[in-house]
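To keep things clear, I will list the structure first and then write my remarks on it.
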Amino acid sequence: MKAIIIGGGIGGIISALVLKHQGFDVELYERAEGNPEIGSAVQFTANVTNIFKRIGLLELVKACGSPVEVRNMREWSTGNIISTNRLGDTIAERELGSPYLVFGRSELLDRLGEQLPDGVAHYGMKCVGVEQDEASVRAIFENGHVAAGDVLIGADGIRSTVRRLVFGEVEPVFSGKVAYRGLIPASELPDFDSYKWIANAWPAPGQFLLQNFAGRETINLSLYRSGQKLEDFDTGNKTAVVTTDEVLGFVEAWEPSAKDWISKSAEYLRWPLFDIEPLKQWAKGRVALLGDAAHATLPFIGQGAGQGAEDASALGDALARLSTDPIAALKLYEEFRLPRATRVQLESRARSNYMMLKDPFAINQRNLQWREASKAITGYFGNSVDHWILNYDVAREFEAHVAKRAGASAA
Ligand SMILES: Cc1cc2nc3c(=O)[nH]c(=O)nc-3n(C[C@H](O)[C@H](O)[C@H](O)COP(=O)(O)OP(=O)(O)OC[C@H]3O[C@@H](n4cnc5c(N)ncnc54)[C@H](O)[C@@H]3O)c2cc1C
């Protein structure tokens, strides 16, 4: 069995690692000349780190991540603590079996990419065509190269070429929310080490600020703003660099420590936030979508990349189980993964509003709920229903799904 993966982002690289671990031949093609990730933060909760445990890479990801022990929710106008979640390595591992880790994106992708055997990943390769027939599937690249395999995985992000070519046009949906992302080098923070362990978040009416670890040498700041219009930006839906003064202008009335954090980043990247409407189909013949190509998700429960990792795990299991029938394997993958990823997509949309409520009564109710939820690790996202996201073992659930399916067809 040979898999062609298009896209070398987090979803594509983890898929390549999982499929190699399962013993398949893999070729990965990325259009960028090297690691495409920018330097900001990404978190993996226990439902994701347990996948690395299974493929023998937990120690590697632990070595490049930080087990943020404490996340404080703070009042935007006073800095007073609304709630404190204890969610570090030891707590998550005790309660959920795997750690909660935060990474610098670029560093994480470098370390994971290094685990792929030579010859698997090919950079500077833009896929422009996909063809399939009964015997094989082929990716065609801008430079004329053709790669053939038994299955082709489109892990090429929210504006996926594979999706457009095989499944048709899907327009990304602007959420009306924009992230302003800044980075502070460790050299600017004499007490940098203490911030590896502590994250702070300031939910404010229509805005949300997060300060957390973003790699060995960096702290990440993300200010989210709701009610935004693309036509107000000179760069429309594209990311753009903006000044620190512009971002400070959004938080003039905020408490001093939040403003102090914001002032420490030399500049910000303005990042309009898009997702896609849930798809009804991810697999067609020998082609399947994975990660953001299948289910681009808003970042408000920090599960977009994590869902791509769950996809990768399930894809490996489906191909292993039905290795002589790759088309059926991709359908099994779709049938198992689509409902959960869709649920996460919809929950992230709902949560994007909940994080940036404007009505004082609703804010009060939410903060009370956060205080209550912070008593348990599974209340990390401020809602006890998050248990279904965190306390999830995709390999175990896949086996349960297959068993249920077999039971249903025997009955
Ligand atoms: C502000 C923000 C914060 C986030 N925080 C978190 C978090 O804490 N935790 C989490 O789990 N998720 C988070 N996410 C979501 C996460 O970043 C994405 O879900 C994840 O990066 C998607 O990975 P992917 O590999 O599917 O797609 P991408 O990262 O988009 O990678 C797709 C790759 O395909 C390549 N490509 C595209 N077209 C072609 C082509 N034609 N040929 C070859 N290559 C191609 C691209 O260059 C790219 O490298 C966040 C997202 C945002 C916006």
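Return the total of residues in segment 202-214 being under 18 Å from the mean Cα position of the chain (by Cα) and crowded, with 24+ Cβ neighbours inside 10 Å.
Initially, segment 202-214 is screened for residues under 18 Å from the mean Cα position of the chain (by Cα), giving 210-214.
Then drop every residue that is not crowded, with 24+ Cβ neighbours inside 10 Å, which leaves 211, 213-214.
Total satisfying the criteria: 3.
Kindly evaluate ARG159 against the criterion of being within 21 Å of the chain's Cα centre (by Cα) and not aliphatic (A, V, I, L, M). Outline the logic, then answer.
Values: within 21 Å of the chain's Cα centre (by Cα): yes; not aliphatic (A, V, I, L, M): yes.
The answer is yes for ARG159.
Taking strands (runs of 3 or more DSSP E) that fall entirely within segment 69-143, which contain at least 2 residues that are out of contact with any Pro (no Cβ under 7 Å at 6 or more places or on another chain) and within 16 Å of the ligand (Cβ to nearest atom)?
Working: elements: 70-74, 81-86, 101-104, 127-132, 137-141.
In segment 69-143, 101-104, 127-132, 137-141 are the strands (runs of 3 or more DSSP E) which contain 2 or more residues that are out of contact with any Pro (no Cβ under 7 Å at 6 or more places or on another chain) and within 16 Å of the ligand (Cβ to nearest atom).
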Report summary line: Log entry, pairs with first residue in segment 191-202 being on the phi < 0 side of the Ramachandran plot, second being of a type in the set (Phe, Trp, Tyr) and in a loop (DSSP other than H, G, I, E, B), beta carbons closer than 9 Å, six or more apart or on different chains, reads TRP202/TRP76; TRP202/TRP254
Requested in this report: Please find, among GLY306, GLY291, GLY302, the residue that is within 14 Å of the ligand (Cβ to nearest atom), under 15 Å from the mean Cα position of the chain (by Cα), farther than 24 Å from MET73 by Cβ and of a type outside the set (A, V, I, L, M, F, W, C).
Outcome: GLY291
Query raised in the report: Looking at segment 243-265, which of its residues are part of a loop (DSSP other than H, G, I, E, B) and exposed (fewer than 13 other Cβ atoms within 10 Å of the Cβ)?
Result: GLU252, ALA253
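Name the single residue that is surrounded by the fewest Cβ atoms within 10 Å (Cβ to Cβ) among those in segment 1-10 being in contact with a strand residue (DSSP E or B) (Cβ under 6 Å, 6 or more places away or on another chain) and outside any loop (DSSP other than H, G, I, E, B). Spell out how you get there, then give the answer.
We begin by selecting, within segment 1-10, every residue in contact with a strand residue (DSSP E or B) (Cβ under 6 Å, 6 or more places away or on another chain); these are 2-6, 8.
Narrowing the set further to residues that are outside any loop (DSSP other than H, G, I, E, B) leaves 2-6.
Working: LYS2: 17, ALA3: 26, ILE4: 26, ILE5: 31, ILE6: 30.
Checked segment 1-10; the qualifying residue surrounded by the fewest Cβ atoms within 10 Å (Cβ to Cβ) is LYS2.
Output yes when any residue across segment 269-288 is more than 9 Å from the ligand (Cβ to nearest atom) and farther than 30 Å from GLY168 by Cβ, and no when none is. Steps first, please.
As a first pass, look at segment 269-288 and keep what is more than 9 Å from the ligand (Cβ to nearest atom): 269-270, 272, 275-288.
From what is left, the residues that are farther than 30 Å from GLY168 by Cβ are 269-270.
Yes: one or more hits.
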Query raised in the report: Any residue in segment 308-326 that is touching a residue at least 12 places away in the same chain (Cβ under 8 Å) and among the β-branched types (Val, Ile, Thr)?
Result: no
Query - Answer residue from segment 16-46, given it is at pLDDT below 95 and touching a strand residue (DSSP E or B) at 6+ places or on another chain (Cβ under 7 Å) and is surrounded by the fewest Cβ atoms within 10 Å (Cβ to Cβ) among those - result: GLY39
Requested in this report: Go through segment 145-242 and tell me which strands (runs of 3 or more DSSP E), entirely inside it, have 3 or more residues that are within 13 Å of the ligand (Cβ to nearest atom) and farther than 17 Å from LEU269 by Cβ.
Outcome: 151-154
Query raised in the report: Looking at segment 150-158, is at least one residue surrounded by fewer than 21 Cβ atoms within 10 Å (Cβ to Cβ) and more than 22 Å from ALA314 (Cβ to Cβ)?
Result: no
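If you take just the helices (runs of 4 or more DSSP H) that sit entirely in segment 266-374, which of them hold at least 1 residues that are surrounded by fewer than 22 Cβ atoms within 10 Å (Cβ to Cβ) and polar (S, T, N, Q)?
Details: elements: 292-295, 304-321, 326-354, 360-373.
Counting at least 1 such residues, we get 326-354, 360-373.
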Query raised in the report: What number of residues within segment 47-69 satisfy the criterion of being within 16 Å of GLY302 (Cβ to Cβ) and modelled with pLDDT under 90?
Result: 4
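One line per residue, one yes/no per condition, for (1) out of contact with any Gly (no Cβ under 7 Å at 6 or more places or on another chain); (2) touching a residue at least 60 places away in the same chain (Cβ under 8 Å); (3) under 20 Å from ARG163 (Cα atoms):
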| residue | (1), (2), (3) |
| --- | --- |
| ASP260 | yes, no, no |
| TYR268 | no, yes, no |
| PHE274 | yes, yes, yes |
| LEU279 | yes, yes, yes |
| ALA283 | yes, no, yes |
| GLY291 | no, yes, yes |
| THR297 | no, no, yes |
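GLU246 - would you say it is of a type in the set (Asp, Glu), more than 19 Å from PHE300 (Cβ to Cβ) and modelled with pLDDT of 95 or more? Break it down stepwise before answering.
Values: of a type in the set (Asp, Glu): yes; more than 19 Å from PHE300 (Cβ to Cβ): yes; modelled with pLDDT of 95 or more: yes.
When the stated conditions are applied, GLU246 passes them.
Regarding ILE13, is this residue closer than 12 Å to LEU108 by Cβ, among the aliphatic types (A, V, I, L, M), crowded, with 23+ Cβ neighbours inside 10 Å and within 16 Å of the ligand (Cβ to nearest atom)?
Working: closer than 12 Å to LEU108 by Cβ: yes; among the aliphatic types (A, V, I, L, M): yes; crowded, with 23+ Cβ neighbours inside 10 Å: yes; within 16 Å of the ligand (Cβ to nearest atom): yes.
Yes: the conditions hold for ILE13.
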Query raised in the report: Can you tell which of ALA406, ALA411, ALA400 is modelled with pLDDT under 90 and within 28 Å of HIS295 (Cα to Cα)?
Result: ALA406
**Report entry** Single match in ASN35, ASN50 (criterion: under 17 Å from the mean Cα position of the chain (by Cα) and more than 10 Å from the ligand (Cβ to nearest atom))
**Finding:** ASN50
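The values are calculated or read from the model by the stated rules, or taken from the named source; none is laboratory data. The shown structure was predicted, so the numbers you read here are calculated from the model rather than taken from an experiment. Using ideal geometry, Cβ is built from the backbone for each residue, glycine included, and neighbour counts are taken over all protein chains shown.
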